1. Please state the equivalent ellipsoid semi-axes for region 287-395: what are the square roots of 5 times the Cα gyration tensor eigenvalues, largest first, in whole Å?
2. What is the projected area of the convex hull of the Cα atoms of the chain, averaged over all directions, in nm²?
3. Using the Cα centre as the reference, give the magnitude of the dipole from point charges on the C-beta atoms of the chain (Lys, Arg: +1; Asp, Glu: -1; all else neutral), rounded to the nearest 20 debye.
4. Give the relative contact order (percent, whole number) for the chain; include only Cα pairs under 8 Å separated by 6+ residues.
5. For R259 paired with D189, estimate the spin-label separation in nm (one decimal), with each label point 7 Å from Cα along the Cα-to-Cβ line.
6. Per DSSP H run of at least 4 residues, take -39500 (n - 2.57); add these up for the chain, divide by its residues and hand me the 222 nm value, nearest 500 deg cm²/dmol.
7. Between their Cα atoms, which of K325/K368; K168/K368; K52/K168; K226/K328 are more than 23 Å away from each other?
8. Using the Kirkwood radius over C-alpha pairs as Rh, can you work out the diffusion coefficient of region 299-352 via Stokes-Einstein at 20 °C, viscosity 1.002 mPa s, in µm² per second?
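Every read-out reported here was derived from the displayed coordinates using simple, explicitly stated rules and does not represent laboratory data. Treat the numbers as computed from the prediction; the structure is a model and nothing was measured. FYI the Cβ positions are ideal-geometry reconstructions off the backbone, even for glycines, and counts take in every protein chain you see.
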Amino acid sequence: MRLSADEEAILAGEGGEGRRWAMELLVALGTIFGAEDLVAIASAQLAGVSYKTIGDWGLRWLQDVSRTSVVSVPTFLNPAGMDPERWELMGVEREFAAKQRSILRTYNRMGVELTCTCTPYLIGHLPAFGDHLAWSESSAVSYANSVLGARTNREGGPSALAAAVIGKTPRYGLHLDRNRRATAIVRVDADGAPVDYGSLGVLVGRELGMSVPLFTGIAPRPDDMKSLGAAMAASGAVALYHVEGTTPEAATALEGAARLPTLDVTQRMLSEVRESLTETIPARVDLVALGCPHLSLEEVEEVAARLRGKRPRRDGPLLWVCTSKEVKKRAHDAVRTIERFGRVLTDTCMVVAPVESVARTTATNSGKAACYLPMDAFCSQRVVYGSTAELLDLVAE
Ligand code: F3S
């Protein structure tokens, strides 16, 4: 890799131990992936926040790093393992809460903003077209690349933190024009029915893995693209996609392309995927969890609108509606309505929280959550997948 004199000096330890380890990690990563140099980033978003995902080893590593490191660009966090104010209501144990608070304090010592959300772009951290970033959370990465036209690889927690400390990331992968072109076409014909973007994302992720798909035949709203990208990143490893007539790089996505593989998606295929996400219909749903990715203001208001005029079902499941602190604050009236039926939780989600302590069967409207909740995945749950309306019928009558 080509390094500037300043970068060489940091690597030699002249900027202190904190900047030395970070530069060493970035250079190693860049060398592995054939990067020519480092590129300045506008912001970093860090995964590895929930105590459930990083455990004691991760906490110790962060504490070590925090003794010598501070971030040098705006840096914010992925959801944590609990709502910092309502963790007891979530069934989180005292010891878990103490460790989680310790993780957040450690990030804060390094200058990281304690904004714990997978939708930072909805609450003021909106990258500009062409900005280079080092973001970690896969749905946020997908949205930043695809919908906003910013440029980020899917970083791991340590590499995003190293980039945040140096303010740069190795220039490879999706930072380069040549890797942002479509590598597959997805033609969707849903027979005029509304498209279930969670199912579509799961299907395309399963079929196309790490491709850069160009979609035709759909006209998603921003919230639909949030669900679509999250599901493709979970069932496959799609970090960038284009939608004809909608996303900012779609018009140039086919430049120089040879004949690309094409996936034709029908309504029937979407129905089959949708059915496959519900393992078996269980006798009882313990938890209805909405908000993967974190809900936008419009989505919180939609949930409230569907609940107005109804009452909680006797013995119905718990309801968690997950969003960011800022959206919750803005959705004041909607939150009051929803809280008659369940909890509006912030800074956390049904996947990175210890959901196992309150539920064995969780119902979700998210393709991504449906991939991570099951027994053989991350949360030991039986999963029911359905639309927002279907799920709210379980909690309200
Ligand atoms: Fe966000 Fe948690 Fe889903 S981090 S994308 S709500 S798994």
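1. Each semi-axis is the square root of five times an eigenvalue, giving 21, 16, 11 Å.
2. 19.2 nm²
3. Charge dipole, the chain, about its Cα centre: 680 debye, nearest 20.
4. 17 percent
5. About 2.0 nm, to one decimal.
6. -11000 deg cm²/dmol
7. Long pairs (Cα-Cα over 23 Å): K168/K368; K52/K168.
8. Answer from the Stokes-Einstein relation: 186 µm²/s.
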